[in-house]
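Where a number appears in this text, it was derived from the coordinates with a stated rule and is not lab data. Here the structure is a predicted model, which means the values were calculated and not measured. Glycine gets a Cβ as well: all are built from the backbone with ideal geometry, and neighbour counts include every protein chain shown.
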Amino acid sequence: MQLVTWNTQWCCGNDGIVSPQRIVDGARALADFDVLCLQEISVHYPRLLGNPGHDQVQILRELLPGYQVFFGAAVNEWSPQGAPQQFGNLIATRLPVAHVQHHPLPYPADQGVRSMPRMATVVTVCDPALGAVRIMTTHLEFYSKPQRMAQAKALRALHIEACAQAAQPSAQSSDGSPFQSKAHTANAILCGDFNLEPSEPEYAAIQEPFGEGQRLWDSWKLLHGEAPHDPTFRLHDRTYGPVPVACDFVFVSDSLKDRLRSMTIDSETQVSDHQPVAIELS
């Protein structure tokens with residue numbers, strides 16, 4: 001399985017041009033992806049920099065023939081003129097899909113701090129070599145540290161719950177109703193823009209062990225040990241800080257960590273203010 005994750009900044013490059021086509025082209029140049037996870041996808045927000053206010057979900061569907069596209073709106077609101085507006089995460093895959101879930105993440109009050117709702121989109125795919133795999137993509141809060149920590153803990157809790165469902169399956173059913181058996185699996189990939197650096201406590205919170213030593217593992221560390229992460233943000237544009245940092249991660253479950261083969265970061269592209277990340281598992 002090849003997977004690409006990318007915070008697209010509503011498909012806006014450092015040149016101010018908004019182009020979903022450039023995002024798809026950049027992802028294809030990085031990997032022949034089976035799964036594409038995109039954060040900051042916009043629907044009808046014309047006041048974002050360079051954004052004509054188009055429906056990027058629909059555009060991406062048209063640009064990705066042969067892929068099923070699933071969008072999770074973390075923000076789902078209406079403009080003063082009554083126009084629907086959405087902002088969130090997207091997963092596209094050419095693999096068979098078992099089921100899809102959208103999980104709102106915690107949004108505790110943090111008085112006076114700029115913030116927005118966050119969520120995780122989860123698509124369970126069926127890979128010929130790996131079996132059922134939960135693809136989880138998210139974009140955590142940037143400004144509010146209490147919110148970001150609550151969200152990091154919630155992601156870990158979602159993974160723990162899914163592992164328990166896989167280990168302790170409910171009554172089996174093939175009756176074709178909504179109660180029919182689900183493809184619960186401990187295999188998981190958690191990726192996205194976490195808006196935190198490896199030195200921060202939220203990074204450790206996501207990877208805190210549970211059960212009999214189970215945990216989520218940072219793919220970079222599995223492949224590179226203690227070598228510093230290559231930066232994925234503020235590499236070419238310093239609007240949000242003075243130095244480049246790594247904040248876009250791919251975590252894998254215990255059951256997949258030995259199946260990880262490679263990780264690639266495109267450090268050159270500037271069609272977003274983040275750099276895309278690709279992994280391969282087999």
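Full-extension gain between Lys182 and Tyr143, please, as 0.36 nm times their residue separation minus the C-alpha to C-alpha distance.
Going from the current span to full extension adds 10.4 nm.
State whether the chain is rounded, prolate or oblate according to the following rule on the C-alpha gyration tensor (a ≥ b ≥ c being the square roots of its eigenvalues): a/c under 1.5 gives rounded; otherwise a/b larger than b/c gives prolate, and the remaining case gives oblate.
rounded
Note down the nm distance, to one decimal, between modelled labels 7 Å out along Cα→Cβ at Asp15 and at His102.
Placing both labels 7 Å beyond Cα along the Cβ direction yields 3.3 nm.
Pull out the extension gain between Gln58 and Asp110, defined as 0.36 nm times the separation in residues minus the alpha carbon to alpha carbon distance; nm, one decimal.
Extra length from Gln58 to Asp110 when fully extended: 15.3 nm.
Just to be sure I understand: of the beta bridges DSSP finds with both ends in the chain, what percent are antiparallel, rounded to 5?
Of all bridge pairs located within the chain, approximately 85 percent are antiparallel.
Could you work out the local net charge near Thr124, counting Lys and Arg as +1, Asp and Glu as -1, over the other residues with Cβ closer than 13 Å to its Cβ?
The answer is +1.
If neighbour count is taken as other Cβ atoms inside 10 Å, put Ile17, Ile91 in order from fewest to most.
Ordered by Cβ neighbours within 10 Å, fewest first: Ile17, Ile91.
List the residues whose amide H sits under 5 Å from the amide H of Ala120, counting only those 5 or more places along or on another chain, with H placed 1.01 Å from N in the peptide plane.
Placed amide hydrogens put His103, Leu105 under 5 Å from Ala120.
Determine the calculated [θ] at 222 nm for the chain from helices alone, applying -39500 (n - 2.57) to every DSSP H run no shorter than 4 residues and normalising by the residue count; nearest 500 deg cm²/dmol.
Taking each H run of at least 4 residues, the total per residue is -6000 deg cm²/dmol.
Once the other residues with Cβ under 9 Å from the Cβ of Thr5 are scored (Lys, Arg +1; Asp, Glu -1), what is the net sum?
Local charge sum for Thr5: -2.
How large is the Kirkwood hydrodynamic radius of the stretch 163-228, in angstrom, based on all distinct alpha carbon pairs?
With all distinct Cα pairs of the stretch 163-228 included, I get 14.8 Å.
Report the full-extension gain for the segment Gln270 to Gln165: residue separation times 0.36 nm, less the Cα-Cα distance, to one decimal in nm.
The Gln270-Gln165 span can extend by a further 33.7 nm.
Given +1 on the Cβ of Lys and Arg, -1 on the Cβ of Asp and Glu, and no further charges, what dipole in debye does the stretch 1-52 carry about its Cα centre, rounded to the nearest 20?
180
Using alpha carbons only, how many angstrom separate the centre of the stretch 56-107 from the centre of the stretch 219-255?
Rounded to whole Å, the Cα centres lie 25 Å apart.
Beyond 23 Å, what share of the Cα-Cα pairs of the stretch 1-136 is found? Please give it as a whole percent.
Every Cα pair in the stretch 1-136 considered, those over 23 Å come to 37 percent.
Mean-square fluctuation check for the chain, GNM, Cα pairs under 10 Å: which of Val250, Val123, Val24 is largest?
Val24
Place a +1 charge on the Cβ of each Lys and Arg in the chain and a -1 charge on the Cβ of each Asp and Glu, then give the dipole magnitude about the Cα centre in debye, rounded to the nearest 20.
Roughly 380 debye for the chain.
Taking other Cβ within 10 Å of each residue's Cβ, how do Trp6, Trp217, Trp78 sort, fewest first?
Trp78, Trp217, Trp6
What helices does the chain hold that run 18 Å or longer along their axis, going by alpha-carbon atoms, with a Kyte-Doolittle average of -1.0 or more, using DSSP H for the helix calls?
145-167
Excluding residues on the same chain fewer than 8 positions from Lys221, give the aspartates and glutamates whose Cα lies under 19 Å from its Cα.
Candidates past the 8-residue exclusion: Asp193, Glu197, Glu200, Glu202, Glu208, Asp230, Asp248, Asp254, Asp258, Asp266, Glu280.
Give the lysines reachable from Lys182 as a straight Cα distance under 27 Å; neighbours fewer than 8 places away on the same chain don't count.
Within the straight-line cut-off, Lys182 pairs with Lys153, Lys257.
Pull up all non-local amide H partners of Thr232: gap of 5 or more, or a different chain, and H-to-H distance under 5 Å with H placed in the peptide plane.
Counting only residues 5 or more places away or on other chains, the set is Val245, Ala246, Cys247, Asp248.
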